[in-house]
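Report on the following structure.
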Amino acid sequence: MLSSMEAEDALDLLQWRHFPASLRLVRYDARGHGGSPAGAPPTWRDLGQDMLALADALGEERFIAGGWSMGGAGALHAALQQPARIHGLVLLLPPTLWEARVAQAALYRRAIALAHTAGMARFASLVASQGAGLPPWLRAAAPHLAAPRAPAPDPAAMLALYQGAAWSDLPPRAALAALSATPALIIGWSGDATHPLASAQELHRLLPASSLFIAHDYQDVLSIPMRVRDFVEASAARR
């Protein structure tokens, strides 16, 4: 949430330039991010529908779905809506889910209330004060990652994103049984309350065909691009 392809390229944590040339890589800005207009407040379910619609437009019947945080939640919704089309999931930094989502949604609602009472400028300042969303150990090891990466959405678009996020969650745990045979790579990192390890660990428990990697230091983070490449190549080979 609040990121974009431009911001991701500047951060360069996934090193897309090294993505396997034999596979088609499709990236896009989610609703209200980067070059994509916001419209109505988008929920994770909406983002899943967008992913499937984009695959339709590109003529991709089956594909590996993935994303960071909100994007990963959207990928899960796409997989739950049409599980036969998804032959792999890449879930990076899963966000707060289920019981933990209640408190996170309350934070979003308080920010929305601030926008209505104190004004959009105060709201935008609050959002900006949240920083790059990196755990302290990563900011200490790689200070360059904490620098601003790209312009944030305008305050009205941010407000719509917060509204959509406050309404969003995954379906009940039992729904994930539909993905019991879907290979998944789940990646988390420690020390990040917005992307708690409990979410990554619970998804790993609920998705029997998943593997879980948790980064605890900068060297672990540097290994993430290779892990993603290895997973997508292996998943593509199973088609």
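The table below gives the values:
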{"item": "Fraction in percent of alpha-carbon pairs per bin - 5 Å, the range 97-239", "result": "2, 8, 13, 16, 17, 17, 15, 8, 3, 1, 0"}
{"item": "Cα centroid separation, the range 198-237 to the range 32-81 (Å)", "result": "20"}
{"item": "Dipole magnitude of the chain about its Cα centre (Cβ charges: Lys, Arg +1; Asp, Glu -1), debye to nearest 20", "result": "260"}
{"item": "Mean separation of Cα contacts under 8 Å (6+ apart) over length of the chain, as relative contact order %", "result": "25"}
{"item": "q = 0.17, 0.18 Å⁻¹: log10 I(q)/I(0) that the Debye formula gives for the range 46-148, counting C-alpha atoms only", "result": "-0.96, -1.00"}
{"item": "Calculated SAXS-style log₁₀ I(q)/I(0) at q = 0.21, 0.29, 0.33, 0.35 Å⁻¹ - the range 1-42, Debye, Cα scatterers", "result": "-0.74, -1.02, -1.14, -1.20"}
{"item": "Exposure rank, largest accessible area first [Tyr28, Tyr162; 1.4 Å]", "result": "Tyr28, Tyr162"}
{"item": "Charge-dipole axis of the chain as Lys and Arg at +1 and Asp and Glu at -1 on Cβ define it, positive-most pick from Ala113, Tyr28, Ala175", "result": "Ala175"}
{"item": "Positive-end extreme of charge dipole, the chain - chosen from His144, Val228, Leu52 (charges on Cβ)", "result": "Leu52"}
{"item": "Total charge dipole magnitude, the range 33-91, about the Cα centre, Cβ charges on Lys, Arg, Asp, Glu only, Debye to nearest 20", "result": "140"}
{"item": "Dmax and Rg, reported as Rg then Dmax, of the range 24-94 (C-alpha, Å)", "result": "11.2, 30"}
{"item": "Estimated inter-spin distance, Glu99 and Arg227, nm [label 7 Å along Cα→Cβ]", "result": "2.6"}
{"item": "Value of Rg/Rh across the range 89-129 [Cα atoms, Kirkwood radius]", "result": "1.13"}
{"item": "Accessible solvent surface per residue of the chain, calculated while the other protein chains remain in place, 1.4 angstrom probe, Å²", "result": "47"}
{"item": "The range 160-206 - convex hull of alpha carbons, volume per residue in Å³", "result": "102"}
{"item": "Per-pair calculated FRET efficiency, R0 = 30 Å: Arg27 and Arg122 via Cβ, rounded to 0.05", "result": "0.35"}
{"item": "Computed magnitude of the charge dipole of the range 51-143 (debye, nearest 20; Cβ of K, R +1, Cβ of D, E -1)", "result": "400"}
{"item": "Cα convex hull of the chain, projected area averaged across orientations, nm²", "result": "12.1"}
{"item": "Where only C-alpha atoms are counted, convex hull volume of the range 159-239 per residue in Å³", "result": "133"}
{"item": "Rounded percent of accessible protein surface that carbon and sulfur make up, the range 37-144, 1.4 Å probe", "result": "61"}
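The values are calculated or read from the model by the stated rules, or taken from the named source; none is laboratory data. Because the structure is predicted, anything quoted here is derived from the model rather than measured. Note: ideal-geometry Cβ built from the backbone for every residue, glycine included; neighbour counts use all protein chains shown. To get the accessible areas, we keep the full protein, side chains included, count just its heavy atoms, and leave off ligands, DNA and RNA. Shrake-Rupley method; radii C 1.70, N 1.55, O 1.52, S 1.80 Å.
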